[in-house]
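The values are calculated or read from the model by the stated rules, or taken from the named source; none is laboratory data. Treat the numbers as computed from the prediction; the structure is a model and nothing was measured. With ideal geometry, Cβ positions are generated from the backbone for all residues, glycine too; neighbour counts draw on all protein chains shown. Note: accessible area is taken over every heavy atom of the protein model, side chains too, but ligands, DNA and RNA are not part of it. Shrake-Rupley method; radii C 1.70, N 1.55, O 1.52, S 1.80 Å.
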Amino acid sequence: MTNRVRYSQANARIAKVHNNTDQELIVITADKLELVLQRHLSNLERRKEWIAPLGILIAIASAFSTATFKDAYFSAATWQAIFVITGILSAIWLVKTGWTAIRAPALSEIMDKIKQSSDKQSNNQLQRTDSSASSV
């Protein structure tokens, strides 16, 4: 037994309709898209490279601050120096990768490059169409 409920227009009056269905179409050849993506996708992936040096730096800093170094294969001072040097190298690596992450292009910038490439292609096609139409 199913209940079928019918709603009249009076129950759900539509006051206003918002239309947000505008689309932007990008026309580009596959080879040009591949070139743009090859140039910029590796740079986009660089935005995440800071994670590894930060993790290493946190691990070294926490171990250095809580450890009491003892003589094992090397002297305690040598172990302490190894941790300090490794921490400094990790901090330098973190600054370098952080700087590249800040300068790496965002996805919207890559989309703009694709659109520029598409615009150039469209302009060339229009010029060819205009020149062939004027020669007729």
Test: residue in the range 101-109 that is open to solvent by less than 60 Å² (accessible area, probe 1.4 Å) and modelled with pLDDT of 85 or more: yes
Residue match in the range 57-79 (condition: modelled with pLDDT of 85 or more, in a loop (DSSP other than H, G, I, E, B) and surrounded by 14 or more Cβ atoms within 10 Å (Cβ to Cβ)): no
Output for the range 10-26, where each listed residue is exposed (fewer than 10 other Cβ atoms within 10 Å of the Cβ) and of a type outside the set (S, T, N, Q): A10, A12, R13, I14, A15, K16, V17, H18, D22, E24, L25
